[in-house]
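Structure, as structure tokens:
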Amino acid sequence: MEIRPAATEDLDQLNDLYNHYVLHSHVTFDIRPLTMAERVEWFRHYGETGRHRILVAVTGTQLLGFASTSPYRPREAYETTVETTVYLAPDAIGMRLGSRLYAGLFRAIDGEDVHRAIGGVALPNEASVALHRRFGFTQAGHFSEQGRKFGRYWDVVYFEKPLP
């Protein structure tokens, strides 16, 4: 198993993985699957340097998961804050890949001009809550019924982590 920066060759599997969660889970509030054109556009803001990175976990040619740092808000004053995300293939859950991806992600942005990392977790999701706490995130807010999906409302907990 290898953790490395994502490449354009990963986008089909990455999009399939994410769209699995769009269709079958409340952990993302996207309602409809993303098209490849949308995924390609989304991928453009990531680089091998800078604040915004995306790493993938792969074994052979199979993508097992990804983690990313993305812009938190579009206004310039927020540019030193990133939003973190991690998604794992359903058959890769329980292999500690989330921890390995987050460790690699935080190593990748070490030394970049990033002051805070924010992670939002749609509840319930004990594994994601535990992952964020394990990486030094603290709870910064709990919003009730913030998103509606599958005919019901979901709470979201936001975590923050100071970065050097």
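All of the numbers you see were taken from the coordinates with simple rules; none came from a lab. All figures in this text were calculated on a predicted structure; none of them were measured in a lab. Counting neighbours? That spans all protein chains shown, and the Cβs are built from the backbone with ideal geometry, glycine included.
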What share of the DSSP beta bridges in region 2-162 is antiparallel, in percent to the nearest 5? 90 percent
If R₀ is 25 angstrom, what is the calculated FRET efficiency for the pair Phe150 and Arg44, using the beta carbon separation as r and rounding to 0.05? 0.25
Between the modelled labels at Asp12 and Asp91 (7 Å from Cα along Cα→Cβ) the distance in nm is 1.7 nm
Given contacts defined as C-alpha pairs under 8 Å and at least six residues apart, what's the relative contact order of region 1-141, whole-number percent? 23 percent
Taking the simple approach of a point 7 Å from Cα along Cα-to-Cβ for both His142 and Thr80, what is their distance in nm? 3.1 nm
Project the alpha carbons of region 20-88 onto their principal axes and report the range along each, largest first, in whole Å. 35, 30, 22
The Cα radius of gyration of the chain, divided by 2.2 N^0.38 Å with N its residue count, comes to 0.99
Can you sort Asp16, Asp113 so the residue with the fewest Cβ neighbours within 10 Å comes first? Asp113, Asp16
When the chain is treated as a Gaussian network with springs between alpha carbons less than 10 Å apart, the largest mean-square fluctuation among Thr138, Thr61, Thr81 is found at Thr61
In whole Hz, the Karplus estimates of ³J(HN,Hα) for region 88-95 (6.51, -1.76, 1.60; θ = phi - 60°; x where Gly or Pro) are 10, 4, x, 7, 9, 5, x, 9
Net lengthening on full extension, Ala37/Ser25 (0.36 nm per residue, minus Cα-Cα): 2.1 nm
Under 10 Å, Cα contacts only: if you run a Gaussian network model on the chain, which one of Ala67, Ala37, Ala130 comes out with the highest mean-square fluctuation? Ala37
Under a 5 Å amide H to amide H cut-off, with H placed in plane at 1.01 Å, what residues pair with Leu64 once short-range neighbours are removed? Ala57, Val58, Thr59
With springs only between Cα atoms under 10 Å, which of Arg44, Arg100, Arg148 fluctuates most in a Gaussian network model of the chain? Arg44
Relative contact order (%) - criterion: Cα under 8 Å, at least six apart; region: region 69-141: 31 percent
